[in-house]
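A short worksheet on the structure shown next.
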Amino acid sequence: MAKADLAGFVDKVKKGSNDVVDVVKGTAEEIIIAAQKKSAKKADSVGKKTKPTKNNEEAQDNNSRAKLNEKLQCVIDQYNEAYTIMNDKGATLYMERTRAVDLIVHVENLINSIANHPKEFDTEIAEIKIHRETFTGVCEFAKAELEAAKKSALGAGAGVAAGAAVVSVAPTVAMWVATTFGTASTGTAISALSGAAATNAALAWLGGGALAAGGGGMAAGNALLALAGPVGWGVAGVTLLSSIVLFSMNKLKMDKQKQEEIKSVAENTNVVQKTSAQIQTLLDEVLAWRENLGQQYEACLLGYGRNFMELPNDLQVRLGALVNNTKALSVLLGKSI
């Protein structure tokens, strides 16, 4: 702007020229309109960015599915830990019961070696023998049924995973399961079945028989996951459950089914934990009675092979207590959960 023009502009401003007012007013309107356009353009841009697309939906689905898989793996890990603890306790209970059987046999031999012992002793010893033989009979039944199941587990229709699981079961595992939870309640001997029927019967029996049928139920409609309540006890436990559940972790699996599996495994973990506590209680009881009886037995060995009528009175009393406590321990051999 020339110096003269500038002076004239300033002069007009001083005089409050309407021309200046018009210029300022026009400039303000232009600024407001430009700002409004910029704001609208920005809002439109943001809207386009946040508008869901097919790719975004797929990404969200994949993320949701991944979280479900992770949660399912987590509950499986929790189950595996609970199962391992319970399995160890069950195996220990079985071992202590077999040791109790050995002690009971020693007590029977001691009493039978004493001449002229009270007839009441014979009655008690006969009952003790029944409890002892029932326990050993369950163990033999478990071994026989497991062998029968193994022979047919890999037959036609049995399924590779389930069949291999049954074949991998050790006799001691079958025996602790049978003596802790009772023998087969399928209504049909496993040895009379074949193929898939035998495998399922073995899994059901090793899974707690009637407990599985009555309270466990199926997880997501999968028959093998019916090893619930207790879940897969004795059937390669951790490995089997993991393989059965994890194989279903694929993209085609419905989210609802996975949620059902998560809920089912979590519920079974709770069952295993509660049952583990029950096993511990029974184990503590067996241990206390066996240790106490062992001490009594050693104190009564002075009467071995002697005439009861010639024994000191205090030893006669101890022998009577020994017989009574042996009976109590023998009853615990048949106590199940």
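The values are calculated or read from the model by the stated rules, or taken from the named source; none is laboratory data. Because the structure is predicted, anything quoted here is derived from the model rather than measured. Cβ: placed from backbone, ideal geometry, glycine included. Neighbour counts: every protein chain shown. Remember, those area values only see protein heavy atoms, side chains included, never the ligands or the DNA or RNA. Shrake-Rupley method; radii C 1.70, N 1.55, O 1.52, S 1.80 Å.
Pairs meeting the criteria (first residue in region 95-121 and touching a residue at least 24 places away in the same chain (Cβ under 8 Å) and open to solvent by 50 Å² or more (accessible area, probe 1.4 Å), second residue aliphatic (A, V, I, L, M) and assigned to a helix (DSSP H, G or I), beta carbons under 6 Å, at least 6 apart or on different chains) are Asn116/Met309. Does Ile104 meet the test of being under 19 Å from Leu293 (Cα atoms) and of a type outside the set (Lys, Arg)? Yes.
Apart from one condition, Arg290 fits all of (1) assigned to a helix (DSSP H, G or I); (2) modelled with pLDDT under 95; (3) of a type outside the set (A, V, I, L, M, F, W, C); the exception is (2).
Regarding Phe135, is this residue open to solvent by less than 30 Å² (accessible area, probe 1.4 Å), at pLDDT 90 or above and of a type in the set (Phe, Trp, Tyr)?
Working: open to solvent by less than 30 Å² (accessible area, probe 1.4 Å): yes; at pLDDT 90 or above: yes; of a type in the set (Phe, Trp, Tyr): yes.
Judged against the criteria, Phe135 is a match.
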